[in-house]
Amino acid sequence: MNSFWSLTGFEYKKILCRKSTWIVFFLAIIATVISVSGTLLGNSYIDGEIYESNYEGMTKDRSYARSLSGQAIDHKLIVKAVDAYSKIPGSDSYHDTTEYQTFARPYSAIYAIVRTVYNTESKRFNMEDFQKLSEEQVEQFYALRRNKQVQLVEATSMSDKAKEKVLVLDAKIMTPLIFSYTDGYTRFFVTVYTLGLVAAFAMAVCIAPIFSGEYAAGTDQLILTSRHGKNKLIAAKLFTGFSLAALICAVLTAVDYILSLSLFGSDGADAPLQLYSPLSPYPLTMGKTALILAVCTLFACLMTAAITMLLSAKFKSPFGVIILVGLLLIMPMFVSISERNIVLYNLFQLLPTNMMPYWTVTNGILYELLGLVIKPYVFMPIFAIVISMLLAPLAYRSFKKHQIG
């Protein structure tokens, strides 16, 4: 066992001694910081003149939202928001009006939640529609949300069992929703996709040479004829690859999470997810959702590490490995699969890139396997573990059986 850890330490030293490792990690940290804080840069303008900086706007909206925190999103609060928006005169740029800034802006978070529920495929619910919202319509807010949820579920090609499970989950959501300021968490939800891709690519650059680098340097001959070449050393390489991938992902996730909550506010961990995604069927809090996204991103990176090491064991050059892994991460962003073909759609979501975004991890389309109905954020990590466990032995054997010459 001591020799295994010594070999692992040696593998880490080889990786950490490369300038490329530190350069790519530094760039990954910078990309994560910019991703989180980018929206706070710049200014907003009214009539061509600076009205406020984006940071000042964020702090103002945060103050307004915090003043509403703890209130139920019920008939009374929605009517207050409607009355406030009713003071805005007709304008194509109503955000620029004094009436919006003075009366309506404090309720903008409520308007964003209500608008999502009242939107239809045939007509987008806009500010003018909100101004005309009757008290009868307000009373039907949660009934409308439930009816819309039923329609969305019934429109899918899931089995009756899966549809029933989604609607049962949705029924567990406590209403009326209790409002809370949640922008720190919602910022993390938005940026976790970027950090996941950055982490996966950074990891690929660092571990692509783990096997192929030995071929390129000609040291594979020494390794495979050494005392530990065909067992412990290969196992140490695999452990190094997986552990380094987990470490890179964990560090970038921590930076993203801490920075998001530090800049935007740490409120809302116990707030319902529906404040961010009103039609989500999952009875989750913002804090639990953040943890789920972090876990799915971690396992997506581990699966990417398994693929990277298998390619590394088969390719003579690490550059080819990096290119292929880069394509694997980038190409799915340009492909769209219809939900009507539910089998192909669900398979497509199991690519590493698609296991990171909020909208796929918390998708209302469930996985069905051997009579089981499984939520995406449960199935995805399990799938990543299984694939990684299958690919690791293949990488092991590929390098072990490599012909020296």
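The values are calculated or read from the model by the stated rules, or taken from the named source; none is laboratory data. Just so it is clear, the structure is predicted and the values come from calculations on it, not from any experiment. Cβ placement follows ideal geometry from the backbone for every residue including glycine, while neighbour counts extend to all protein chains displayed.
Results, tabulated for the structure shown:
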quantity	calculated
Odd one out for L366, checked against (1) among the hydrophobic types (A, V, I, L, M, F, W, C); (2) under 26 Å from I207 (Cβ atoms); (3) buried (at least 21 other Cβ atoms within 10 Å of the Cβ)	(2)
Residue match in region 361-369 (condition: at pLDDT below 95 and out of contact with any helix residue (DSSP H, G or I) (no Cβ under 6 Å at 6 or more places or on another chain))	yes
Any pair with Cβ under 6 angstrom, 6 or more apart, that starts in region 266-283 at a residue that is in a loop (DSSP other than H, G, I, E, B) and ends at one that is of a type in the set (K, R) and at pLDDT 95 or above	P283/K172
Lone unmet requirement of (1) of a type outside the set (D, E, K, R); (2) closer than 30 Å to E368 by Cβ; (3) modelled with pLDDT of 95 or more; (4) out of contact with any strand residue (DSSP E or B) (no Cβ under 8 Å at 6 or more places or on another chain) for T120	(3)
